[in-house]
Amino acid sequence: MSQRVIHVMMKEQTFQLDELTIGFLERCQDYGFQNPSEVVRTALAKLQLALSEDNLPESATLYAEIYQGDRELQEITNAGLEEWPME
């Protein structure tokens, strides 16, 4: 089995945090994190995912509006549904 190694270039960034947050980061190993940077990266990744999921309802509404106004798209969709599922 071959292993694939991915190298990610890390950049350093400075933030101002309150004492409560700094205390939490200092106890990061109590929560299973290797270091404070891992905590921050994990938190930001989860925030990014949550924000992108917040846009899904807006996208669905937009697609629904487009679908409602496009008779040809509705016909193509209905034709596909009549043939589905194919055995």
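The values are calculated or read from the model by the stated rules, or taken from the named source; none is laboratory data. As the structure is a computational prediction, the values presented were derived from the model and not from experiment. For neighbour counting, all protein chains shown are included, and Cβ atoms are generated from backbone atoms with ideal geometry for every residue, glycine included. Heads up: the accessible areas ignore ligands, DNA and RNA and are worked out on the full protein's heavy atoms, side chains in. Shrake-Rupley method; radii C 1.70, N 1.55, O 1.52, S 1.80 Å.
Tell me the label only: which of (1) 1.95; (2) 1.57; (3) 2.08 is Cα Rg over 2.2 N^0.38 Å as calculated from this structure?
Correct label is (1).
Only loop residues by DSSP count here, and only those with at most 14 other Cβ atoms within 10 Å; note down the chymotrypsin sites (Phe, Trp or Tyr not before Pro) in the range 6-87 that meet that. Don't jump to the answer; show the numbers that get you there.
Working: sites: Phe15, Phe24, Tyr31, Phe33, Tyr63, Tyr67; in loops: Phe15, Phe33.
Of the chymotrypsin sites (Phe, Trp or Tyr not before Pro), the ones in loops of the range 6-87 whose Cβ has at most 14 other Cβ atoms within 10 Å are Phe15.
What accessible area, in Å² to the nearest ten, does a 1.4 Å probe give for Leu51?
It works out to around 100 Å².
Give the accessible area for Ser52 in Å² (nearest 10); use a 1.4 Å probe, count only protein heavy atoms, and leave out ligands, DNA and RNA.
60 Å²
What is the local net charge at Leu44, summed over the other residues whose Cβ is closer than 14 Å to its Cβ (Lys, Arg +1; Asp, Glu -1)? Provide the component values of the computation, followed by the final result.
Values: positive: Lys11, Arg41, Lys46; negative: Glu38.
Net charge around Leu44: +2.
Just want the answer: with Cβ charges of +1 for Lys and Arg and -1 for Asp and Glu, which residue in Gln16, Tyr67, Leu81 is farthest toward the dipole's positive end in the chain?
Gln16
Measuring with a 1.4 Å probe in the full set of protein chains, what accessible area per residue, in whole Å², belongs to the range 1-72?
Numbers: 7240 Å² over 72 residues.
That works out to 100 Å² for each residue.
Mind listing which trypsin sites (Lys or Arg not before Pro) in the range 15-87 are in a DSSP loop and have 16 or fewer other Cβ atoms within 10 Å? Spell out each step's value before the answer.
Values: sites: Arg27, Arg41, Lys46, Arg71; in loops: Arg27.
Taking the range 15-87 and a limit of 16 other Cβ atoms within 10 Å, the loop trypsin sites (Lys or Arg not before Pro) found are Arg27.
Please work out how much length the chain gains when fully extended from Leu20 to Arg4, using 0.36 nm per residue of separation minus the C-alpha to C-alpha distance, in nm with one decimal. Before the final figure, lay out the partial values.
Working: separation 16, 0.36 × 16 = 5.76 nm, distance 3.90 nm.
Full-extension gain reported as 1.9 nm.
Compute the helix-to-body angle for 71-82: its Cα long axis versus the longest principal axis of the chain, expressed 0 to 90° and rounded to tens.
It is inclined by approximately 90 degrees.
If you roll a 1.4 Å probe over the chain with all protein chains in place, what percent of the accessible area is carbon or sulfur?
Carbon and sulfur: 56 percent of the exposed surface of the chain.
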